[in-house]
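Written below as structure tokens is the structure these notes are about.
The values are calculated or read from the model by the stated rules, or taken from the named source; none is laboratory data. Everything numeric in this text was worked out from a predicted model, so none of it was measured. Note: ideal-geometry Cβ built from the backbone for every residue, glycine included; neighbour counts use all protein chains shown. Only protein heavy atoms, including side chains, enter the accessible area calculation; ligands, DNA and RNA are left aside. Shrake-Rupley method; radii C 1.70, N 1.55, O 1.52, S 1.80 Å.
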Amino acid sequence: MTDVCFETARGMAAALRRKEISARELVGAHLDRIASCNGAVNAVVTLVAEKALAEAAAADERLVAGEPVGPLHGIPIAHKDTHATAGIRTTKGSPIHADEVPASDELVIERIRAAGAITLGKTNVPEFAAGSHTVNPLFGATRNPYDLGRSAGGSSGGAAAALATGMHPLADGSDMGGSLRNPASFCNVVGLRPAPGRVPSYPAELAYSTLAVQGPMARTVSDVALLLSVMAGPDPRSPIAIEQSGSVFDVPLGRDLAGLRVAWSPDLGGTIPVDAAVTAALEPQVRVLEELGATVERADPDLRGADEVFRTLRAWTFAVSMGPLLARHRDRMKATLVGNIEEGRRLTGADVARAEILHSALFQRMRRFSERYDLLALPVSQVPPFPVELEYPTEIAGVAQGSYLDWMRSAYLISAFGHPAISVPAGFTPDGLPVGLQLVGAHRGEAALLHAAHAFERATRVGERRPPSVASRASPPAPVRGAGGGESRVSSP
């Protein structure tokens, strides 16, 4: 049953409807896969096996009875451990929430479950999803399936590692500064950061904020589009929800790229250092877009002010959302997180106002850039997956990185202007480490972006390269502990 675990979600859904496989068999196969692989990579941190099998049995009965079923009927999925799941522990990777069991699903989980997906459990995250390296004091580190001594990225690192090893075919995630894109790049899967409002959030304390979004991950672009079709769509509880049905994304992908205008910016005009191994992996693959009919030019967007916009609004968000926790639990929060909250508390009204003015000007410049180019192409991550023991890369191409945010600039500068962006598998370093290509579309241009990413994926087929088998490893290497010293574990709530 290993092969079925690497089938596409669309293929699984079709086989379920044709009754070639039952939901119980499919869920059972993925539970077996988790049992054989998770000890090595530490991706799934809460497992609800009995609940999943009971849901699978009910799904089979509905199909036999001829009842209507949703687009994700019988498909197993594990949810990011920052997303509230009714009756299933949601820790946010923090000792503060170690035993928290929500009474209800948040909106994105509500939609996925309503579409028929079956919950297997929760995937690992950094503490409060802060940073792009998945390690926390409760569960330890998630390891890269392609090299267990390397990081899986973050904050959706557990989701990406689980996808790469066949533990489930779809995953939900979130992205403020690269949390859907960086782990996708590190683990050779696909991660889409949609435009703000495309996937509405509820409950949301900062309902009008556009910096953090939720979105889909999968092993293929087509499966990402399938999950986006379920996650997207208007909801009266979100004031920024886009008034367009998610069903527009559940269409065949295969549009011709002839005439597409692509701006290739390998280092954003020299403003970010990029490891030579990343550049070497991406340069030849960008030419594939030309072979598919696109026109590719070296061109750099004007991202003046983007760094200040992102860092100011991020710090302000942290201060608002986690300031009350800091007052009560400072000793139970990692130092970098405390620093981010305190940075936000030091901001003045004038600081936030200046960031919003820069934010508006940045959007207009990128709007004009999109009138000239249909896509912006650049690295997802400035480095290949780094050693799992590091908190973050401290140097890139000879340039010192002063904080755990600095090395993520190729992703978070894109977050600052809100256009949809996708990470697509694009190559490997000589050491066998995955490298993703980031494609950025026009404002709210997810549909065209998905078509282009699908064409690139089909032409390169890099995403079909699977990680070395980890099924025979009964336990992980010595665990990398978080600030609180907790080891990796999988348990029921």
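The magnitude of the dipole of the range 1-116, with charges of +1 and -1 set on the Cβ of Lys/Arg and Asp/Glu and taken from the Cα centre, is near 240 debye. Over the chain, Cα pairs under 8 Å with separation of 6+ residues give a relative contact order of 20 percent. A 1.4 Å probe over all protein chains sorts 81, 374 by accessible area into 374, 81, starting with the largest.
Counting protein heavy atoms only, the chain has 52 percent of its accessible area on carbon and sulfur, 1.4 angstrom probe.
With an a/c value of 1.5 or above and a/b larger than b/c for the gyration tensor axes a ≥ b ≥ c computed over the alpha-carbon atoms, the range 184-264 is described as prolate. Put simply, the amide H of residue 6, placed in the peptide plane, has no neighbours under 5 Å, leaving out anything fewer than 5 places away on its chain.
Using C-alpha pairs below 8 Å separated by at least 6 residues, the relative contact order for the range 10-163 is 25 percent. Protection proxy ranking of 171-182, 409-420, 285-296, by the mean of other Cβ atoms within 10 Å over each peptide's residues and highest first, is 171-182, 409-420, 285-296.
Note on exposure: 30, 97 ranked by accessible area (1.4 Å probe, complete protein assembly) read 97, 30, with the most exposed listed first. Restricting the range 18-61 to trypsin sites (Lys or Arg not before Pro) that sit in a DSSP loop and have at most 11 other Cβ atoms within 10 Å of their own Cβ leaves 18, 19. Each residue of the range 455-468 was assigned a 3J(HN,Hα) from its phi angle through the Karplus curve 6.51 cos²θ - 1.76 cosθ + 1.60 (θ = phi - 60°); the sequence is 4, 4, 4, 5, 6, 8, 6, 5, x, 7, 6, 8, x, x Hz, with glycine and proline shown as x. Computed over the range 257-389, the quotient of the alpha carbon radius of gyration and 2.2 N^0.38 Å is 1.37. Put simply, the amide H of residue 123, placed in the peptide plane, has neighbours under 5 Å in 45, 79, 80, 81, leaving out anything fewer than 5 places away on its chain. Computed over protein heavy atoms with a 1.4 Å probe, the accessible surface of the chain works out to 36 Å² per residue.
3J(HN,Hα) couplings calculated from phi for the range 322-331 with the Karplus curve 6.51 cos²θ - 1.76 cosθ + 1.60 (θ = phi - 60°) are, in sequence order, 10, x, x, 5, 4, 4, 9, 9, 3, 6 Hz; Gly and Pro show x.
Applying a DSSP loop filter and a limit of 15 other Cβ atoms within 10 Å to the GluC sites (Glu not before Pro) in the range 74-145 leaves 100. In sequence order, the range 255-264 has phi-based couplings of 5, 5, 8, 4, x, 5, 9, 10, 9, 9 Hz under the Karplus curve 6.51 cos²θ - 1.76 cosθ + 1.60, θ = phi - 60°, and Gly or Pro positions carry x. Restricting to DSSP loop positions (anything but H, G, I, E, B) with no more than 11 other Cβ atoms inside 10 Å of their own Cβ, which chymotrypsin sites (Phe, Trp or Tyr not before Pro) remain in the range 292-369? Sparse-neighbourhood loop chymotrypsin sites (Phe, Trp or Tyr not before Pro): none present. Note that the range 65-172, at 10 °C in a medium of 1.306 mPa s, gets a Stokes-Einstein diffusion coefficient of 111 µm²/s from its Kirkwood radius over C-alpha pairs. Within the full protein context, the accessible area of residue 394 is estimated at about 80 Å² for a probe radius of 1.4 Å. A Förster radius of 56 Å, combined with the Cβ-Cβ distance separating residue 279 from residue 332, puts the computed FRET efficiency at roughly 0.85. Rg/Rh for the chain stands at 0.94; both radii use Cα atoms, and Rh follows the Kirkwood definition.
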